[in-house]
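The values are calculated or read from the model by the stated rules, or taken from the named source; none is laboratory data. These numbers were taken from a predicted model, which means no experiment stands behind them. Methodologically, a virtual Cβ is constructed for each residue, glycine included, from the backbone with ideal geometry; neighbour enumeration extends over all protein chains shown. These area figures cover heavy atoms from the full protein model, side chains too; ligands, DNA and RNA do not enter into them. Shrake-Rupley method; radii C 1.70, N 1.55, O 1.52, S 1.80 Å.
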Amino acid sequence: QVQLVESGGGLVQAGGSLRLSCAASGRPLGSYIMGWFRQAPGKEREFVAAIPWSGSTTYYADSVKGRFTISGDNAKKTVYLQMDSLAPEDTAVYYCAARLWPYLSSSSTYTKHQGYTNWGQGTQVTVSS
């Protein structure tokens, strides 16, 4: 239904910045929530940030609040993750994901990876010290 392709990852020094992009194609995205997740070697996939296409409410993991910003461009069907003040602990493969809105929602609707049905292939972010 929806295809997602991430880009923008790379190697950066601690304190630097990167902007990740997720290009979407397929069905209209108005009924979808878009999220970013990350996974480091040997660790579980964890939530980073999320935003609904139809609204402006955003959600962030505590570990990235104040440093990362999620945004979307409806015309370009692209969601972005601006990452500032990067630290080695941010090193991971970053994944873009999408899910349909449920009738009832809570914070877990945005933060639980099990609820997302469409995933990109990921882009590597490496932060050196």
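Loop-resident chymotrypsin sites (Phe, Trp or Tyr not before Pro) (DSSP state other than H, G, I, E or B) in segment 15-122 with no more than 16 further Cβ atoms inside 10 Å of their Cβ: 103.
Residues whose amide H falls under 5 Å from that of residue 54, counting only those 5 or more places apart or on a different chain, are 32, with hydrogens built in the peptide plane.
Calculated accessible area for segment 47-129 comes out at 51 Å² per residue, all protein chains present (probe 1.4 Å; ligands, DNA, RNA ignored). Each Cα pair under 8 Å and six or more residues apart adds its sequence gap; the mean of these over the residue count of the chain is a relative contact order of 36 percent. Counting Lys +1, Arg +1, Asp -1, Glu -1, what net charge surrounds residue 90 among other residues with beta carbon under 14 Å of its beta carbon? Result for the local shell: +1. Computed from phi, the 3J(HN,Hα) profile of segment 124-129 under the Karplus parametrisation 6.51, -1.76, 1.60 (θ = phi - 60°) reads 7, 10, 10, 10, 9, 9 Hz, with x in place of Gly and Pro.
For residue 91, the amide hydrogen comes within under 5 Å of the amide hydrogens of 127, counting only partners 5 or more places away or on other chains and with H modelled in the peptide plane. Its DSSP H runs of at least 4 residues, each contributing -39,500 (n - 2.57), put the calculated 222 nm mean residue ellipticity of the chain at -500 deg cm²/dmol, to the nearest 500. 3J(HN,Hα) couplings calculated from phi for segment 11-24 with the Karplus curve 6.51 cos²θ - 1.76 cosθ + 1.60 (θ = phi - 60°) are, in sequence order, 9, 9, 6, 3, x, x, 9, 9, 10, 8, 10, 10, 8, 10 Hz; Gly and Pro show x.
Of the trypsin sites (Lys or Arg not before Pro) found in segment 56-126, those in coil by DSSP whose Cβ has at most 11 other Cβ atoms within 10 Å are 65, 76.
As a fraction of the 1.4 Å probe accessible area of the chain, surface on carbon and sulfur atoms comes out at 48 percent.
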